[in-house]
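Q: What follows is a single structure, and I will ask about it in a moment.
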Amino acid sequence: MDSKRKTKTKASALLLASTMLIGLLAGCSGTKNVETVAPVDKGTESTTPTTKTEDITPMTLSLFSADPSPNWTGMKDETGKIITEKTGITLDAEFAVGDPQQKVGLIAASGEYPDLISAKNDISKLVDAGAMLDLTDLIEEHAPNIKKVLGEYTKRARYSDDDKAIYAIPSYAGVDNQSLRATGGFELQHRAVKEAGYPEIKTVQDYENVIKSYIDKHPTDENGNKNIGLTLNADDWYMYITVTNPAFYTTGSSDDGEYAIDIDTQEVTYHYKRPAEKEYFRWLNHMNDIGLLDPESFVQKYDQYKAKIATGRVIGMIDQDWAYGDAEKALKTANKLDQGYGHYPVTLSSEYKETSFWPTGFMAGYGIGISVDCKDPVRAIKFLDYLASDEGQVLLNWGVEGKDYKIEDGKRVIPADVASRKINDATNFTKETGIGLYNNLSVHYGDGVKDSTDNYYTTSFPEQIVADYNAVEKETLAAYKVTTWRELFPKDDEFKVKPWGAAWNIAIPGDSEVLILDNKLRDITWKRIPEAILAKPDNFDKVWESYMQDLDKAGVDKAETLREELVKQRVKLWND
């Protein structure tokens, strides 16, 4: 450990001791407020409230999050106000704008840290700088809810095999989450699928057939503007989502970032080297050659992409609904429901299973931590613990009883007008209520998990998912004899659970050469993949061969070796 980290760690220990002493003195002086709280354990234990003393005097904690939060209101929304009322804490939050990796690097180098930090996969920079507190003892002594929710997965929150400290509370994945909602895959407009007679859509050829048939019959929209068969969003990191990630989803490999990993041996391969993926990109090359791929796919900006979808002229996409959802909402608001999209589990050919829902087990790694500069680590951990409580999780997911939901026959129910606003006026609804804004600030249960009242913690459960669909979506699903899009995809139990979770979730040591290699490989890939897709079909193999040679020269073999070491370390850490 370097001298800076030693100094920070020592200072944090003194700070923690001082904080606890001040807390005791405050209790004696009568400056604490009394809160009535329910027990944290669910199940057969008593639900009679118990009274304990908690400090909820006003305090502001600074927060940096590597994730943007465009609807953040400074906790002036309804949920935020209640959180402050219950904990005394208000967050002075800064969210990443532009490159979050660069911002985290600047914070790490500054030597001055926000109270709370959510750095996602860049936490190693902060750990190396000595910026983060080990939360193990704080959780044990002051966070019964966090301890309960993590349960057997606490060991997955440990930093590494060499350093078993907990620097971040896992907050980006729900504990015991069930995959109930399909948000990605290959999208097609409902009207195109209906006109094609609701055919089987399993392979890229099936998908292509629907698009081609519709475009042949309807080359332009009602205003004479050209309809678009398939558009892609290659603007910066969205390249992963709509251009490159589908290559492994459609060819039997799971999402491990830029690497394919053997489920049994943990052997790592830069996923573009897999022969099947070459054929996937050849299919995109073919789509471009026959005029079904939007020629602006690799030059349009994200806003242009969404604006294009909002016109209703785009028949097919390969994306996630969180990326194009605003554009689809515009169509729904205009009552162009048949121009909305369904999600289909498309593969290169029938020999493959679509892998969007390959199970990872509970995904630790990404989360929120407390810095060594935190003005009051005990108050900070208790704040995070409230968010992890049953009361906190219901508030964060459901909102205010009597306004955002009601109780009918013992069940939480979202009124129709509220459900409509959540779908059709999502931005304003979120800013007003705060529902969904705070979920990534602490550990929480996932979809499909019930609390002690036999209600779901989240609002993503089968009945609610179905209730949120509009009439055209239900019509399309009924034609395929299912009630949700998720039912079209392979079931979780058709795959082995990955013992490493996902490789993109593994923190990389700041001094690892793999960081440099990854950047080199990315730059080559983002140049060569569009070149291959847009090449004349006769030149595709030549471009691809040049791409593979570029990867070899850039050290792809070494990158694979270093990644494999990290994956095997994760397997050991999580499963020993």
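The values are calculated or read from the model by the stated rules, or taken from the named source; none is laboratory data. All figures in this text were calculated on a predicted structure; none of them were measured in a lab. Glycine gets a Cβ as well: all are built from the backbone with ideal geometry, and neighbour counts include every protein chain shown.
Q: Output the residues belonging to the stretch 521-543 that are outside any helix (DSSP H, G or I) and either surrounded by fewer than 17 Cβ atoms within 10 Å (Cβ to Cβ) or β-branched (Val, Ile, Thr) (or both).
A: Across the stretch 521-543, the qualifying residue is only Lys536.
Q: Identify all residues within the stretch 135-170 that are modelled with pLDDT of 95 or more, part of a loop (DSSP other than H, G, I, E, B) and within 11 Å of Gly365 (Cα to Cα); write none if there are none.
A: Within the stretch 135-170, Ile166, Tyr167, Ala168 meet the criteria.
Q: Shifting gears a bit: Hey, does the stretch 562-572 have a residue that's in contact with a Leu (Cβ under 9 Å, 6 or more places away or on another chain), surrounded by 15 or more Cβ atoms within 10 Å (Cβ to Cβ) and within 27 Å of Asn285 (Cα to Cα)?
A: Checked against the condition, which is being in contact with a Leu (Cβ under 9 Å, 6 or more places away or on another chain), surrounded by 15 or more Cβ atoms within 10 Å (Cβ to Cβ) and within 27 Å of Asn285 (Cα to Cα), the stretch 562-572 yields no hits at all.
Q: Can you pull out every residue in the stretch 544-559 that is surrounded by fewer than 19 Cβ atoms within 10 Å (Cβ to Cβ) and either part of a helix (DSSP H, G or I) or in contact with a Cys (Cβ under 9 Å, 6 or more places away or on another chain) (or both)?
A: Matches in the stretch 544-559: Glu545, Ser546, Met548, Gln549, Asp550, Asp552, Lys553, Asp557, Lys558.
Q: While we're here: Among the candidates Arg282, Arg379, single out the residue that is closer than 30 Å to Thr136 by Cα and not in a strand (DSSP E or B).
A: After applying the criteria, what remains is Arg379.
Q: Shifting gears a bit: Would you check if Thr220 is farther than 30 Å from Asn505 by Cβ and either touching an Asp or Glu at 6+ places or on another chain (Cβ under 9 Å) or hydroxyl-bearing (Ser, Thr, Tyr) (or both)?
A: yes
Q: Something else about it: Within the stretch 385-408, work out how many residues are surrounded by 23 or more Cβ atoms within 10 Å (Cβ to Cβ) and under 20 Å from the mean Cα position of the chain (by Cα).
A: Qualifying residue count for the region: 5.
Q: Now for a different question. Could you list, in sequence order, all residues of the stretch 300-310 that are under 17 Å from Thr244 (Cα atoms) and without any contact (Cβ under 8 Å) to a residue 12 or more places away in the chain?
A: Listed by number, the list is empty, since nothing qualifies.
Q: Take the residues of the stretch 427-477 that are under 27 Å from Lys336 (Cβ atoms) and within 17 Å of the chain's Cα centre (by Cα): which is surrounded by the most Cβ atoms within 10 Å (Cβ to Cβ)?
A: Ile435
Q: So is Lys406 farther than 29 Å from Ile506 by Cα and not in a loop (DSSP other than H, G, I, E, B) or not?
A: Taking the combined requirement at face value, the residue satisfies it.
To keep it simple, each residue is scored yes or no on (1) hydrophobic (A, V, I, L, M, F, W, C); (2) in contact with a strand residue (DSSP E or B) (Cβ under 7 Å, 6 or more places away or on another chain).
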position	(1), (2)
Val314	yes, yes
Tyr324	no, yes
Glu328	no, yes
Lys332	no, no
Gln339	no, yes
Gly342	no, yes
Gly367	no, yes
Pro377	no, yes
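Q: Can you work out which of the residues in the stretch 86-100 that are more than 30 Å from Glu391 (Cβ to Cβ) and touching a residue at least 24 places away in the same chain (Cβ under 8 Å) is surrounded by the most Cβ atoms within 10 Å (Cβ to Cβ)?
A: That would be Pro100.
Q: Same structure, new question: Looking only at the stretch 386-413, count every residue that is under 19 Å from Phe461 (Cβ atoms) and among the polar types (S, T, N, Q) and tell me the total.
A: Total satisfying the criteria: 2.
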